[in-house]
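Notes follow the structure.
The values are calculated or read from the model by the stated rules, or taken from the named source; none is laboratory data. As the structure is a prediction and not an experimental result, all values here were calculated from the model. With ideal geometry, Cβ positions are generated from the backbone for all residues, glycine too; neighbour counts draw on all protein chains shown. Keep in mind that these areas ignore ligands, DNA and RNA; they rest on the heavy atoms of the full protein, side chains included. Shrake-Rupley method; radii C 1.70, N 1.55, O 1.52, S 1.80 Å.
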Amino acid sequence: MCMVRSCSVVILVFAIVVSAAAQDSASPGARSAASSGATVTTSPAHPAEAAPPAATFDDVIDRVVQREHYFNAQMRHLHPLVETYLQNLKNDATGNPIPVKDEYFLGRLDMTDEAEDVSFVGQPGFGHRMLSKLTGMYSLHYLPMGFAQMVLLDTDFQKKYYKFSFVRREFLGEVRCLVIDVQPREGEKSVRFKGRIWVEDQDYNIVRFNGSFDPQPKNDVFFHFDSWRLNMRPGTWLPAYVYTEESNLKTRMTKPLHFKAQTRLWGYDLKGLNKNEEFTQIMVDSPDSVKDQSDAAADASPVLAQRMWEKQAEENAIDRLLKIGLLAPPGEVDKVLSTVVNNLLVTNNIDLQGDFHTRVLLTAPLESFTVGHTIVISRGLLDVLPDEASLAMVLAHEVSHIVLGHPFDTKLAFNDKLFFPDEQSFKRLDFKQSPADEEAADAKAMALLKNSPYKDKLANAGLFLKELQEKAPELPNLIRPHLGNGFGGGKRMSLLQASAPALDEKRLDQIAALPLGGRIKLDPWSDQVELSKAKPVAITSAREKMEFEITPFFPYLTRLSTSGPEKVALTTSPGHDQTK
Ligand SMILES: [Zn+2]
């Protein structure tokens, strides 16, 4: 299937948001997992399933407590990835908070005993226990576990510890909720949640809670958080987003804290990506019917053998990244990316015989790289690129590595190289290119872009690079790549930067980069990604540009129906227990 010879060029596949002062909404749309894989197995511990609606407020609270216990039990069997990206803020001359420093955490949640998680990026804070150990260096070092903890309201949630007061009914997305204020009872000594909860009014699951923990420990602080759950399986709401913000938090040990942070969880159903099911479903065939189907009944020629070897290394690497939960399964966004790559190839008369692929890395740091003939681009980078031409710039660089035949380390063709703990992924997997090859790819990319439909639209791409270079000193953790080459020090595609217009922070029609979280929507259950359908919002002041910044979450909540077509397996493998 040669995609290159089709002579049509498809443009405008990537939402262009840079028309006069229009900008993608910062809200990461978050319809829940209606399109996710596995067939639903009704959870055995689903006490509210057949229960009639609660009659009194007291009944409601009983149900909420019961559901929360079920939730806590369920979380012990789930091991999603947890990513926190934090920006320290400082007010600029006009009193507008701007990022001056950042932090990045990625780990896998393990609440088997007490909440604990395993770090991919090697922070000292990982591995600490929760609640009891939220002291110590917390305010000096943000403890990653502190953010992961904000997915739990209270591991010992009991009616007797709290005062509940009904506030009102309110819709979050299409889900009608009861809004309830929750405070620890007087004299309560243990650390308890204090704030507001939103409870969906069918099964009485908490779908959002907003507040902090109380009392504050002596030497440390609990942050304020806004924690959201999505309906990922029928009857099951699981943590997906936590937004944290403090504007002037005084602690004993440091100067006042001023920061905002986004925590995202995904990779709940990594088992759905495993192929073990395929094995259990193998039927025993008669020997006649299992002859190899390959048409060339000969050994591979030397050149073909080399290609097959490289392909094997590429497939091993991609498969491993997928199973860890770092890579999205193939999907709709890949098609958009492939279309842009194809636009570049067609207009340059390059025929890769259809042999290239594009995939989305699910993490926030801005990076792109190639693994053999697969181009990988991070969710964070897709989020912040201002338009399709900027995307073409990133993809042009990567496809140039393929076109120029840059070497790819084939050690991963040996399967034992893939036997390592997930959290060592960033150490064991490395897709960096040499500086010389980086330079060559830049030069080739410029040539590709010159002949492409993007050639007259590259001003924004140059502006993006300029903005990136300007913000790099404050945002090292956003810009530091973990698997490939970064945009390091603004070197990448420097010719484009040089030809771009001057940056003007005040101009509303100049959007050099978008905030994080506006473009890619991730299904935390299946890891599928799609382009957000949030309508662009015209910004009204330069403050709303928020280039590379993080914002609060306002997902549009939807409820999976417990009967109906959503239950049919659409993508991944069917029929495993979602609570294991
Ligand atoms: Zn490169």
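Some notes on this structure:
- Scan segment 363-378 for residues that are out of contact with any helix residue (DSSP H, G or I) (no Cβ under 7 Å at 6 or more places or on another chain) and acidic (D, E) and the total you get is 0.
- Filtering segment 266-314 to residues that are closer than 30 Å to E83 by Cα, modelled with pLDDT of 90 or more and either part of a loop (DSSP other than H, G, I, E, B) or out of contact with any helix residue (DSSP H, G or I) (no Cβ under 7 Å at 6 or more places or on another chain) (or both) leaves W266, G267, Y268, E314.
- Some residue of segment 170-191 being part of a strand (DSSP E or B) and within 28 Å of L270 (Cβ to Cβ): yes
- The residue that is surrounded by the fewest Cβ atoms within 10 Å (Cβ to Cβ), counting only those in segment 391-405 that are away from the ligand (no atom under 12 Å from the Cβ) and of a type in the set (G, A, S), is G405.
- A count restricted to segment 324-343 and to residues that are over 18 Å from the mean Cα position of the chain (by Cα) and closer than 10 Å to D527 by Cβ stands at 0.
- Filtered by the rule that a residue be within 18 Å of K101 (Cα to Cα), of a type in the set (D, E) and touching a strand residue (DSSP E or B) at 6+ places or on another chain (Cβ under 9 Å), segment 537-552 gives a lone residue, E549.
- Qualifying residue in segment 413-425 (condition: touching a residue at least 40 places away in the same chain (Cβ under 8 Å), surrounded by fewer than 17 Cβ atoms within 10 Å (Cβ to Cβ) and within 16 Å of the ligand (Cβ to nearest atom)): no
- Of the numbered criteria (1) of a type outside the set (D, E, K, R); (2) in contact with a strand residue (DSSP E or B) (Cβ under 9 Å, 6 or more places away or on another chain); (3) part of a helix (DSSP H, G or I); (4) within 16 Å of the ligand (Cβ to nearest atom), the one A443 fails is (2).
- Single unsatisfied condition, V568 versus (1) at pLDDT 85 or above; (2) surrounded by fewer than 19 Cβ atoms within 10 Å (Cβ to Cβ): (1)
- Considering segment 439-457, and only residues there that are in contact (Cβ under 8 Å) with a residue 24 or more places away in the chain and among the charged types (D, E, K, R), the residue that is most open to solvent (accessible area, probe 1.4 Å) turns out to be K457.
- Among all residues of segment 167-186, there is at least one that is in contact with a Gly (Cβ under 9 Å, 6 or more places away or on another chain) and open to solvent by 30 Å² or more (accessible area, probe 1.4 Å).
- Residue in segment 66-76 that is acidic (D, E), within 21 Å of I180 (Cβ to Cβ) and touching a helix residue (DSSP H, G or I) at 6+ places or on another chain (Cβ under 9 Å) present: no
Matching residues to (1) modelled with pLDDT under 70; (2) more than 20 Å from R480 (Cβ to Cβ):
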| position | (1), (2) |
| --- | --- |
| Q87 | no, no |
| N96 | no, yes |
| L106 | no, no |
| S119 | yes, no |
| P124 | yes, no |
| G127 | yes, yes |
| S139 | yes, yes |
| Y142 | yes, no |
| M150 | no, yes |
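- Filter result for A436 (over 23 Å from I520 (Cβ atoms), in contact with a Leu (Cβ under 9 Å, 6 or more places away or on another chain) and surrounded by fewer than 20 Cβ atoms within 10 Å (Cβ to Cβ)): no
- Of the residues making up segment 314-328, not a single one is more than 25 Å from P421 (Cβ to Cβ), open to solvent by 10 Å² or more (accessible area, probe 1.4 Å) and in contact (Cβ under 8 Å) with a residue 24 or more places away in the chain.
- Hey, I479 in contact with a Leu (Cβ under 8 Å, 6 or more places away or on another chain) and farther than 17 Å from D387 by Cβ or not: yes
- Counting the residues of segment 467-509 that are within 21 Å of L449 (Cβ to Cβ), within 15 Å of the ligand (Cβ to nearest atom) and not in a helix (DSSP H, G or I) gives 7.
- Qualifying residue in segment 196-208 (condition: part of a loop (DSSP other than H, G, I, E, B) and touching a Phe, Trp or Tyr at 6+ places or on another chain (Cβ under 8 Å)): yes
- Residue within segment 404-423 that is more than 22 Å from the chain's Cα centre (by Cα) and within 19 Å of L106 (Cβ to Cβ) present: yes
- Count of segment 341-390 residues which are more than 14 Å from the ligand (Cβ to nearest atom), open to solvent by less than 20 Å² (accessible area, probe 1.4 Å) and part of a strand (DSSP E or B): 3
- Criterion (at pLDDT 90 or above and either within 15 Å of the ligand (Cβ to nearest atom) or under 19 Å from T370 (Cβ atoms) (or both)) met by exactly one of L448, L458: L448
- When restricted to residues that are modelled with pLDDT of 85 or more and open to solvent by 40 Å² or more (accessible area, probe 1.4 Å), segment 475-493 contains 2.
- Selection status of D430, touching a residue at least 24 places away in the same chain (Cβ under 8 Å), away from the ligand (no atom under 15 Å from the Cβ) and surrounded by fewer than 24 Cβ atoms within 10 Å (Cβ to Cβ): no
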